[in-house]
Structures are given as structure tokens and as C-alpha cells.
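Below is one structure, written out as C-alpha cells; comments come after it.
The values are calculated or read from the model by the stated rules, or taken from the named source; none is laboratory data. Keep in mind that what you see is a predicted model, and the values were worked out from it rather than measured. Here the Cβ positions follow ideal geometry from the backbone for every residue, glycine too, while neighbour counts run over all protein chains shown.
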């Protein structure tokens, strides 16, 4: 990943994911999605980062199960994803300089544009790919999460611009 993109991760503390098309897919059974998301929460927690899901999906059984996962912040039933994130940021004393967001559809564009670091899976709509900082290589949940975590860890190993001579 390019150094200029890695530098953007410097102040990121909140990693937000769209649910449908990013963390869940029609070919994944619900149990597998829950397991993958639970594992992701653990990995982000180990790095002292906040994991969240922003979805327009109504409160259903899957959303209820996701809300039970320790460290999983679910902002559900929000067609206006930015307003839901604005409220979460205010409650947690954060701002968009602290936000990474990955989305794949038109509803995600406004939030992708506001976030410090934005990404899209390879399968995202063309309109989404045009506004993000980078496009991930995969479409599979577990691969996306590993690619994001690796990018974050790599960004911490790179010297910041302030320390470059």
C-alpha cells in the first residue's frame, strides 16, 4: 500500500464497516458471519481500536446477535449513516479524523467522503470506488479484515511525516 495512504491511518481509532456486501454475503451462513465479526472485534480490541458496523438494516435477529458481541458497536437502521456516526462520534469524543470506513454501495458514499480513511471491497459499485482512498483486493470478510489490520499495523511501522527530514 502506498505510503501516503498509510500515513492517513495515523489518528484512526474507529474502524467502521458496512454490513451487507462487506461483512455479510449471500453465500455466507449467518453463523459464519457472526463468528467472523466476533473474531474481528477481538483483533481490533487487541490493537486498542474501536470496531463498528453501520447498516441501513432494521433490527432483526442478526442485528440483535451482533449487538451481543463484546466490542461490536452496531449502528443499525440508519439510512442516513452520517447522522448515526455523528452521534456515535460525539458520545465517544471522536471526530472524522479518527474514522476508517469501508462501504460498497451508494448509501455509503457520503460517509466514505467524510472519513479520514475510506475503502471499498473489490466488488463495490463503480461510483463507490471513485471516492475511496483505496480498493481492497478481496470481497471476502475475513480477507478484508486482515488486509485492513495489516495496513493499520504497517502504518504504525512507517515514520510519520513529522519525523521525516
May I ask you to list the residues in region 114-133 that are in contact (Cβ under 8 Å) with a residue 40 or more places away in the chain, in a strand (DSSP E or B) and within 17 Å of residue 21 (Cα to Cα)? none
Answer yes if at least one residue in region 7-18 is without any contact (Cβ under 8 Å) to a residue 24 or more places away in the chain, part of a loop (DSSP other than H, G, I, E, B), touching a helix residue (DSSP H, G or I) at 6+ places or on another chain (Cβ under 8 Å) and closer than 23 Å to residue 133 by Cβ, and no otherwise. no
Within region 26-79, work out how many residues are closer than 14 Å to residue 141 by Cα, in a loop (DSSP other than H, G, I, E, B) and in contact (Cβ under 8 Å) with a residue 40 or more places away in the chain. 1
Can residue 102 be described as under 18 Å from residue 134 (Cβ atoms), in contact with a strand residue (DSSP E or B) (Cβ under 9 Å, 6 or more places away or on another chain) and buried (at least 19 other Cβ atoms within 10 Å of the Cβ)? yes
Just checking, how many residues over region 91-113 are part of a loop (DSSP other than H, G, I, E, B) and under 16 Å from residue 55 (Cβ atoms)? 3
Confirm whether residue 120 is modelled with pLDDT under 95, within 24 Å of residue 136 (Cβ to Cβ), crowded, with 18+ Cβ neighbours inside 10 Å and touching a strand residue (DSSP E or B) at 6+ places or on another chain (Cβ under 6 Å). no
